[in-house]
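These notes are about the structure you will find just below.
The values are calculated or read from the model by the stated rules, or taken from the named source; none is laboratory data. If you're wondering where the values come from, they're calculated on a predicted model, not measured in any experiment. For neighbour counting, all protein chains shown are included, and Cβ atoms are generated from backbone atoms with ideal geometry for every residue, glycine included. Surface accessibility is based on the protein's heavy atoms, side chains included, excluding ligands, DNA and RNA. Shrake-Rupley method; radii C 1.70, N 1.55, O 1.52, S 1.80 Å.
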Amino acid sequence: MDSILVTGNGPLNGQIPIAGAKNACLTLMPATLLSEEPLTLTNAPRLSDIKTMTALLQSLGAEVSALQDGQVLAMSSHNLTSHTADYEIVRKMRASNLVLGPLLARFGEAVVSLPGGCAIGARPMDLHVEGLEALGAEIELKDGYLHAKTSGGLKGAVHEMRFASVGATENIVMAATLAKGTTVLKNAAREPEIVDLVECLRKMGAQISGEGTSTIEIQGVDRLHGATHQVVTDRIELGTYMLAPAICGGEVELLGGRMSLVDSFAAKLNAAGIEVTETANGLKVARKNGRVRSVDVVTEPFPGFPTDLQAQMMALMCTAEGVSVLEERIFENRFMHAPELVRMGANIEVHGGTATVTGVGRLKGAPVMATDLRASVSLILAGLAAEGETTVSRVYHLDRGYEHVVRKLEGVGAKIERIKGQ
Ligand code: UD1
């Protein structure tokens, strides 16, 4: 298994290009199942999660070709052969469950494995099931699989979600595009990836309004057609690399970044003493002098502080002046990076969903282990700012969500290399 060797050195300066959003691409790809006509995505990120979704769609009979070095995904679902998402694929990636709504809408039937336990929490699918049942689906759990069907097709309905789940919103919106009549989804998630999905569905002929607010209205149509859509910028990759100059010092421009994608996160960086400004090509982040100040963070659904940036923010807080309290409200078990950061000299106490971080100034390099995608990148950030060498093992987690991480960080002056495993 490969590992990453990081040697802490001075400030970082230069530019980092930000890729298309993994989480947007993972919901845009299953949208191909809604139409017989081709759907083409541009600005797709080159990640192992995208390969997993490709394999899943191909297992259903869809054609998926990665063109232009993987940045363009040309997909067609004119000849689907299966409506079963197998456990062997779903267990690798929870987002596989996003084929449920589209398959059900197009074929009136879908069988999707439950994802099972996940490193960062239980992550059940009850909210997806309740929403699709409100549209008239009959869903039962048999042998670890959700068996969903409709008699006479899906029908529009008014449904209020108990919690603004991102994935459930995506599944319900996709299913409702082909339902009979109008669906009003209340307490919908407002994430930019959902706005991106709706923009793509609209290009395919869907009639949807209210995306980006907590009420989304969908007028069902008889069929959707083909489209070409550019995947929105990855706000989590953006936020992660915004932290690189914040933790190491220096000035880095994040190409393709937009403030509206990271408002609440940028506000916390500002409060910590980091400058964030918009430029013609993206966002510029600078830490010119002085130690970072501690700030408190509570993770919340968008537009609140994203849970997917909590681990990386914790790495910064380890080096800050003062005490910072980080409260995780989205996932019940998302502090696995804390003991690894402690191995690097951090002072962190975790009680339930709250981590109290007392800044120690400079961390010390150590061998550490990545436990999930965002944890792995938080350890790389910590290593960039630490004294000496840090080796991060199990970097296959990183390959799920960050393309060319070594090249991007080397480009701004970091000392980082990938060590090939046996
Ligand atoms: C998506 C993102 C993930 C991010 C998360 C929260 C993708 C591919 N992944 O995941 O990176 O961390 O949003 O911003 O877009 N829940 C239930 N029942 C359900 C569904 C969810 O209880 O039916 C719970 C989950 O266990 C979790 C919380 O709701 O505690 C948030 O989950 P959700 O918003 O659904 O996240 P995902 O769509 O899985």
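What the table shows:
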item	result
Principal-axis tilt of helix 192-203 within the chain, Cα atoms, nearest 10 degrees	40 degrees
Residue-normalised accessible area of region 22-230, expressed per residue, 1.4 Å probe, Å²	38 Å²
Long-range amide H partners of residue 146 with built H, under 5 Å	112, 113, 114
Descending principal axes extents, region 177-236, alpha-carbon based, whole Å	36, 29, 11
Gap separating the Cα centres of region 274-344 and region 376-422, nearest whole Å	18 Å
In nm, spacing of pseudo-spin labels at residue 184 and residue 91 (7 Å Cα→C-beta vector)	4.3 nm
For region 172-216 and region 67-117, distance of Cα centres in Å	19 Å
Using distinct alpha-carbon pairs, which all enter the 1/r mean, Kirkwood radius of region 251-298 in Å	11.2 Å
Region 188-307 - Kirkwood radius from inverse mean 1/r over Cα pairs (Å)	16.1 Å
Calculated from backbone phi, Karplus (6.51, -1.76, 1.60) coupling profile of region 173-187 in Hz, x at Gly/Pro	4, 4, 4, 5, 4, 10, 7, 7, x, 9, 10, 10, 9, 9, 6
Normalised contact order of region 22-230, rounded percent, pairs of Cα under 8 Å and 6 or more residues apart	20 percent
Long pairs among 288/364; 364/408; 142/186; 268/408; 364/415, criterion Cα-Cα beyond 18 Å	288/364; 364/408; 142/186; 268/408
Region 271-371 - Rg over Rh from alpha carbon coordinates, Kirkwood radius	0.98
Choice from 380, 208, 247 with maximal GNM fluctuation in the chain (Cα, 10 Å cutoff)	208
Shape box of the chain [Cα atoms, principal axes, largest first, Å]	64, 44, 42
Residue-count net charge about residue 268 - beta-carbon cut-off 11 Å; Lys, Arg +1, Asp, Glu -1	-1
Bridge type composition, the chain - antiparallel percent by DSSP, nearest 5	70 percent
Degrees, to the nearest 10: 235-248 long Cα axis against longest axis of the chain	0 degrees
Kirkwood Rh in Å, taken over region 22-230 so that all alpha-carbon pairs contribute	16.5 Å
Acute angle (nearest 10 degrees) that the helix 48-59 long axis makes with the longest principal axis of the chain, alpha-carbon atoms	20 degrees
Peptides ranked, highest mean first, by Cβ atoms within 10 Å: ranges 88-100, 51-63	88-100, 51-63
Binned Cα-Cα distance frequencies in region 348-422 - 5 Å width, integer %	3, 14, 21, 26, 18, 10, 5, 1
Theoretical FRET efficiency, 1/(1+(r/R0)^6), r = Cβ-Cβ of residue 67 and residue 221, R0 30 Å, to 0.05	0.55
